[in-house]
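Structure, as structure tokens:
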Amino acid sequence: MAIEPSILYFGTPVVLITTMNSDRTPNLAPISSAWALGHTLVLGLGSDGQTVANLRERPELVVNVPSPGMWEQVERLAPLTGRSPVPASKPKGMRFEADKFAAAGLTSMPSATVTPPRVAQCPLQLEGTAVSLTPGAAGGFVIIEVAVSMVHAAAEIVAPGTNHIDPVTWSPLIYNFRHYFGLSGQLGHSYRSDTPTAMHR
């Protein structure tokens with residue numbers, strides 16, 4: 001049947017973006033439009049947010065990938081904005097918050113190649129620089145390409161003796177039609193996988 005859903009978040013990872021404000025304090029924002037093309041990340045963000053404003057002036061950022069157990073901390077960030085006054089285009093109920101790390105109960109830690117800090121609790125953190133910001137065709141959002149300069153991963157999600165994330169031990173937080181999910185058990189693997197695992201039936 002043909003339907004007209006109000007949103008199209010049909011199961012995408014949640015990430016937390018850290019950027020630097022003009023006063024040299026960090027901004028932290030959750031987004032659910034992020035994917036990878038090789039070593040380039042592509043992000044979709046609302047054009048009126050503090051993250052986009054920061055990236056236009058200071059293109060460094062960190063893409064922090066939370067685990068499913070962090071969903072409540074992510075949700076604490078959802079109604080917060082780093083812009084004051086709050087733009088009229090923001091959803092009803094949003095409020096300004098200067099220290100989003102404290103508001104979400106998260107801890108910042110230094111990055112190696114960029115100025116914005118990483119989120120210590122996130123098992124996967126990707127430092128990078130925004131190399132292009134392109135207005136979306138429908139307006140209201142910006143498409144950002146990020147060149148990744150360094151990847152940090154918690155030891156427990158790295159396949160031993162490799163530079164690969166172990167898909168058995170790692171699970172991202174998924175945003176599925178405005179509900180939070182983790183991954184279920186493995187169904188199989190691609191023929192291109194560098195970390196194939198035996199399947200038990």
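The values are calculated or read from the model by the stated rules, or taken from the named source; none is laboratory data. Source: prediction; values computed, not measured. Cβ placement follows ideal geometry from the backbone for every residue including glycine, while neighbour counts extend to all protein chains displayed.
Here SER193, SER171 are screened, and the one residue that is in contact with a Leu (Cβ under 7 Å, 6 or more places away or on another chain), at pLDDT below 95 and not hydrophobic (A, V, I, L, M, F, W, C) is SER171.
Identification of strands (runs of 3 or more DSSP E) wholly contained in segment 109-201 with 3 or more residues that are among the β-branched types (Val, Ile, Thr) and over 18 Å from the mean Cα position of the chain (by Cα) yields no element. In the set (1) out of contact with any Pro (no Cβ under 9 Å at 6 or more places or on another chain); (2) outside any loop (DSSP other than H, G, I, E, B); (3) not charged (D, E, K, R), the condition left unmet by PHE101 is number (1). In summary, strands (runs of 3 or more DSSP E) completely within segment 1-78 and bearing 2 or more residues that are over 21 Å from ALA147 (Cβ atoms) and modelled with pLDDT under 95 occur at 10-13. Of ALA138, ALA155, ALA159, all but one fail to be under 30 Å from GLY38 (Cα atoms) and at pLDDT 95 or above; the exception is ALA155.
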